[in-house]
Amino acid sequence: MRLGLVGRLMGWVVVTALTTGVALPAAAQQPVHALALHGEPKYPASFTHFDYTNPAAPKGGDVRLGTIGTFDSLNQFILRGVPAVGLSRLYDSLTVASGDEPFTQYGLLAESMELAPDRTSIAFNLRAEARFHDGRPVTAEDVVWTFQTLREKGRPIFRSYYADVVSVTAETPRRVVFRFRDGNNRELPLIVGQIGILPKHYYETVEFERTTLTPPIGSGPYRIDRLEPGRSITYRLDPNYWGRNLPVNRGRQNFATIRHDYYRDQGVLVEALKAGEFDWRQENAARLWSTAYDTPAVRDGHLRRETIQHQLPMGMQAYSYNTRRPLFQDRRVRQALGMLYDFELVNRTVMFGLRKRSYSYFTNSEMAATGLPGPEELAILERYRGRVPDEVFTRAFQPPVNGDEAARRTNRREALRLLTEAGWTLDGRTNRLLNRQGEQMRFEVLLNGPLFEPHTLPWIEDLKRIGIDARVRTVDPSQYQARMDAFDFDVTADIFPQSSSPGNEQRNMFNSAAADAPGSSNSPGIKDPVVDELVERLINSPDRASLVLNAKVLDRVLLWGHYVVPQWHDDKFWLVYWNMFDHPQVTPKFGFDFDAWWVDDARLAGLPGRRAAVTR
């Protein structure tokens, strides 16, 4: 499944959903060490480490991780090629988010920040000690070059995400100023600090727009140590890393090396973990979590299973229709097909009842639209009456409930009624759903591996019952990514991730311009001027209350557009790992930070002999 997260491209370290939306402290026009989403930062300028890290954590240990697919490039910033996993470890950003606040950015490359009183500009003052891997200092010119290059030549998301940035200027070698179109885009001063900074001098002899397997230069804590193209990549902690003693890093980046091994599919990967071929995994399949780890190693405590509760907004995981295809341009067709998806059956038979049905583009958050719209929502929606579905005003959105034959029959009848309205007829003699030209409805669901096949096949069977020739097409991850970047699919399983404060990334997911931008996250191809306006309202929300209100309004319009078939979510991380690790007792509320873990020598020594090859 495609996450489409900007964070993986720009060097964010704490694992979170996209973080956006801002209300900044009034005193922020003076140099400050951090900028908060609402109110003041949790940590003062004198803080020594984040609460969810252990500053005494030992350094060392070789860690192996597993991933599915392959890679053919070390350039994660362009559409061409399949980039290796973990490349964000090479790059530091101007600021870094804390994982236990909704959205606060603390200085990393930047020693301090100065926000203009009218929020139309922000200056970052770089640390004198900041260095690239080759020893050259990180300068304001590097920041300017990075930003301009990413917007002009990088993935399309950079253009939409930073569309309101007017200019970037290096005022001195260590001071860079971003100027904005106006002060309404309240998150913009914070999100410009999230860019992973590239060395301008390196790209004077290296073409930025080309894929490469030559290890690039960054300023981050790790460097590429070795790689086997398509099979594995190993990162080694840089002993000369300039930022190792900063408060934002203390107790983090504890592993000496981190190796990512690539596997063909999910089944092979899980068997490799159980055989000790790699060390740690975040499980995301309920079936595997429930059945795959009943092994002697688990019973002996050598292979551990752990759940960690979180408060992350879960966004929308769903089957996404490609409305660029004529078949899916009729909302009634999209709604009808979604009525035949039996989540209750899939949850019971495939996911052991562990999942919850997703019901919103902001699931698991206060921004989810529930019940009927209240007076404040209606005041916004009224100006769009006649341009949005009538149900937005009169009905609370609820995904269809199936689960038994009676419910399935009811939903099947309603689906056929909608399809008949849309010009489709069920030929009882041949059991084919036909349009006015006598052509059968047919489409394929594109998947990037066999894991989702058991979840999808029951839907396919129910579609066939009303005469639709629906099929599953499973391809390898690299082919899947290429097809998704080109929007070459009918229906696919996708994720629309959200944070506790959504903002500029909504353009890349829902705006009309993104629908035609290769590689954007607008997989459904949504082109609706109302959605465009509501996205801008959300981005320009002046405070938390209006942000929540605008998110709910956008949510209702998207839900009743039936662009997707909602799937499921969970509010826990499922972790499986060999008992060689320890981690802080405190975990961040809004993410998961594996970089705050460490290898425990005593636990390592107690593992079977398979660990003897691990170097220290």
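Computed values, structure above
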quantity: In segment 494-537, residue nearest to P102 (Cα to Cα) [restricted to those that are surrounded by fewer than 24 Cβ atoms within 10 Å (Cβ to Cβ) and among the basic types (K, R)]; calculated: R537
quantity: Subset of segment 34-70 [part of a loop (DSSP other than H, G, I, E, B), at pLDDT below 95 and hydrophobic (A, V, I, L, M, F, W, C)]; calculated: L37
quantity: Residue within segment 342-361 that is in the same structural domain as A515 (by TED's automatic domain parsing), surrounded by fewer than 14 Cβ atoms within 10 Å (Cβ to Cβ), in contact (Cβ under 8 Å) with a residue 24 or more places away in the chain and under 30 Å from F590 (Cα atoms) present; calculated: yes
quantity: Residue within segment 370-384 that is assigned to a loop (DSSP other than H, G, I, E, B), without any contact (Cβ under 8 Å) to a residue 12 or more places away in the chain and either touching a Lys or Arg at 6+ places or on another chain (Cβ under 6 Å) or assigned by TED's automatic domain parsing to the domain that holds R537 (or both) present; calculated: yes
quantity: Flag if E101 is among the acidic types (D, E) and in a loop (DSSP other than H, G, I, E, B); calculated: yes
quantity: Residue tally, condition over 27 Å from G371 (Cβ atoms) and surrounded by 13 or more Cβ atoms within 10 Å (Cβ to Cβ), over segment 394-422; calculated: 5
quantity: Per-region count, segment 547-564, residues among the basic types (K, R) and not in a helix (DSSP H, G or I); calculated: 0
quantity: Residue identified as at negative phi and within 28 Å of the chain's Cα centre (by Cα) among V168, V176; calculated: V168
quantity: Pick from segment 157-184, criterion out of contact with any helix residue (DSSP H, G or I) (no Cβ under 8 Å at 6 or more places or on another chain) and among the small types (G, A, S), ranking: nearest to E111 (Cα to Cα); calculated: S167
quantity: Count of segment 383-404 residues which are under 16 Å from D532 (Cα atoms) and charged (D, E, K, R); calculated: 3
quantity: Some residue of segment 185-196 being assigned to a helix (DSSP H, G or I), of a type in the set (V, I, T) and over 14 Å from H133 (Cβ atoms); calculated: yes
quantity: Total residues in segment 292-318, condition assigned to a strand (DSSP E or B) and either of a type in the set (D, E, K, R) or farther than 27 Å from S501 by Cβ (or both); calculated: 4
quantity: All positions within segment 424-453 that are over 26 Å from F487 (Cβ atoms), out of contact with any helix residue (DSSP H, G or I) (no Cβ under 7 Å at 6 or more places or on another chain) and not in a loop (DSSP other than H, G, I, E, B); calculated: T425, D427, R432, L434
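The values are calculated or read from the model by the stated rules, or taken from the named source; none is laboratory data. Every value quoted in this text rests on a predicted model; they were computed, and no experiment measured them. Ideal geometry is used to build each Cβ from the backbone, glycine not excepted, and the neighbour counts take in all protein chains shown.
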